[in-house]
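Visitor: Take this structure first; my questions come after.
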């Protein structure tokens, strides 16, 4: 036959031994918990808060000044590279990482790029090269092409580089624009005469001036076939070649 067993605890033993033991355990556990939070968790939190700093803005400053500024807040400077730059002065900070105002831990490296200033170069001799080859040669040397002008030269072939400004052989910053002058060959002595027939008097004057000719005598004749004020004849036939500054006379129509 199965027997049932029971454990009986006297009321006296329960209240005098077990309950006080439980209370003591609870108190001890509470004290241990408080000590754990106070001695381990809180110092870690406080220490973590104190180790965070804000990255200052150091771009555009001399790198030695930037290094001291970082040191003052507990950060360190690391130079990643040095690059030529036309806008940022030599030995000044061009860029930084982390960016300004970021929150980072003390002791972290701030990586920077330092300017080497303007790159210097000697302008190559491109005289008598074609305009295309001359500009390619300048670009190959890292120079910037400035204005391209044209003029007449007896001693330089047409489309050849006749001059460089500043002059070839000069040491300059590679960011400085280099102007070149291209030859249009010898200055021509003759010009083709424009066709003035059918133009108005105002338009004919403009065409004559543009062709570097001179307007001579203006005669007026009645002509019902065209509008009044229209050129009906010219003293030098069109398409003929004449010296510059030649004088050309015209006849203009008027009402009958």
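Visitor: Filter segment 197-233 down to the residues that are within 28 Å of residue 187 (Cβ to Cβ), free of Cβ contacts under 8 Å to residues at least 40 places away in the same chain and either surrounded by 12 or more Cβ atoms within 10 Å (Cβ to Cβ) or out of contact with any strand residue (DSSP E or B) (no Cβ under 9 Å at 6 or more places or on another chain) (or both) and list them by number.
Guide: Keep residues of segment 197-233 that are within 28 Å of residue 187 (Cβ to Cβ), which gives 199, 203-216.
Then keep just the ones that are free of Cβ contacts under 8 Å to residues at least 40 places away in the same chain; that gives 199, 203, 205-207, 209-216.
The answer is 199, 203, 205, 206, 207, 210, 211, 212, 213, 214, 215, 216.
Visitor: When the residues of segment 171-196 are filtered to those that are under 21 Å from residue 239 (Cβ atoms) and under 49 Å from the mean Cα position of the chain (by Cα), which remaining residue is surrounded by the most Cβ atoms within 10 Å (Cβ to Cβ)? Don't jump to the end; show me each part of the working.
Guide: First, the residues of segment 171-196 that are under 21 Å from residue 239 (Cβ atoms): 188-196.
Keeping just the survivors that are under 49 Å from the mean Cα position of the chain (by Cα) gives 188-194.
Values: 188: 12, 189: 9, 190: 11, 191: 17, 192: 11, 193: 21, 194: 19.
Once the filter is applied, the top-ranked residue is 193.
A short reminder: the numbers here are calculations on the coordinates, not readings from a lab. Remember, predicted model here, so these are calculated numbers, not experimental data. Every residue, glycine as well, gets a Cβ built from its backbone with ideal geometry; the counts of neighbours run over all protein chains shown.
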